[in-house]
1. As an exercise, identify the GluC sites (Glu not before Pro) in segment 1-104 lying in DSSP coil whose Cβ has no more than 12 other Cβ atoms within 10 Å.
2. For the chain, I need the span (max minus min coordinate) of the C-alpha atoms along each principal axis, in Å, sorted largest to smallest.
3. Dipole magnitude of the chain about its Cα centre, charges +1 at Lys/Arg Cβ and -1 at Asp/Glu Cβ only, in debye to the nearest 20?
4. When N counts the residues of segment 16-105, how does its alpha-carbon radius of gyration compare numerically with 2.2 N^0.38 Å, as a ratio?
5. Take the cross-link list 53/79; 49/85; 49/163 and give me the ones stretching past 28 Å between alpha-carbons.
6. Give me a comma-separated list of calculated 3J(HN,Hα) values for segment 134-150, in order, Karplus coefficients 6.51, -1.76, 1.60 applied at θ = phi - 60°, integers in Hz, x for any Gly or Pro.
7. Only loop residues by DSSP count here, and only those with at most 16 other Cβ atoms within 10 Å; note down the chymotrypsin sites (Phe, Trp or Tyr not before Pro) in segment 81-167 that meet that.
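What follows is calculated from the coordinates using simple rules that are stated; it is not laboratory data. Since the structure is predicted, the reported quantities are computational estimates derived from the model, not experimental observations. Every residue, glycine among them, receives a Cβ derived from its backbone with ideal geometry; neighbour counts consider all protein chains shown.
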Amino acid sequence: MEFHRQLLEVALKLLNSNGNEPSAEASLRRSISTSYYALFHFLVDSSVKRFAKHEGLRDRLKRCFDHGDMKLASDAFSKSTERAKALVLGPIPQEVEFIAEAFVELQKERHFADYDASWTPENLPLKASVCAAMVKEAFRAWARIQDHPAAEAYLIALLTWNKIGKR
């Protein structure tokens, strides 16, 4: 099973295993974080599989992706900014906008879950459930749009936004 699918499976297990245990909050926080990493690795894997044929090169290329740069690119694509549309050479399909928006939102939620000890929302189970659902829907959206030129442009932008996004 692909690593990103394993991560989603772990996120769902953490979500469904919390119950009334003393560690319920930690499990839900980890579920949110793991959901983000499922989408992160999915996008990275999709990029390197498309642009690098050799496994050794893929492994090296994976290490070049930066969470912050990916967020900037995703933010631009989720909002269909002029720069993003210029890279796509046209309108950005809703599926790409959704995937990009999911990445931005999941990264934000992961930061809260991982770094904000005071963040204990009463709706933590719902938040973790929504995060996992966003990843599932992003996977489905990608299956529908992966061969579209905008999907390829998005993958390129995830790695090169600091250079290509300024032009």
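1. Numbers: sites: 2, 9, 25, 55, 82, 95, 97, 101; in loops: 2.
Sites meeting the loop and neighbour criteria: 2.
2. 51, 34, 27
3. Approximately 600 debye in magnitude.
4. Numbers: Rg = 16.5 Å, N = 90, 2.2 N^0.38 = 12.2 Å.
Relative to the rule-of-thumb radius for its length, segment 16-105 sits at 1.35.
5. Working: 53/79 31 Å; 49/85 24 Å; 49/163 21 Å.
53/79, as the Cα separations exceed 28 Å there.
6. Per residue, the Karplus-derived 3J(HN,Hα) values read 4, 5, 4, 5, 5, 4, 5, 4, 5, 4, 7, 10, 4, 8, 6, x, 5 Hz.
7. Details: sites: 98, 103, 112, 115, 119, 139, 142, 154, 161; in loops: 119.
Sites meeting the loop and neighbour criteria: 119.
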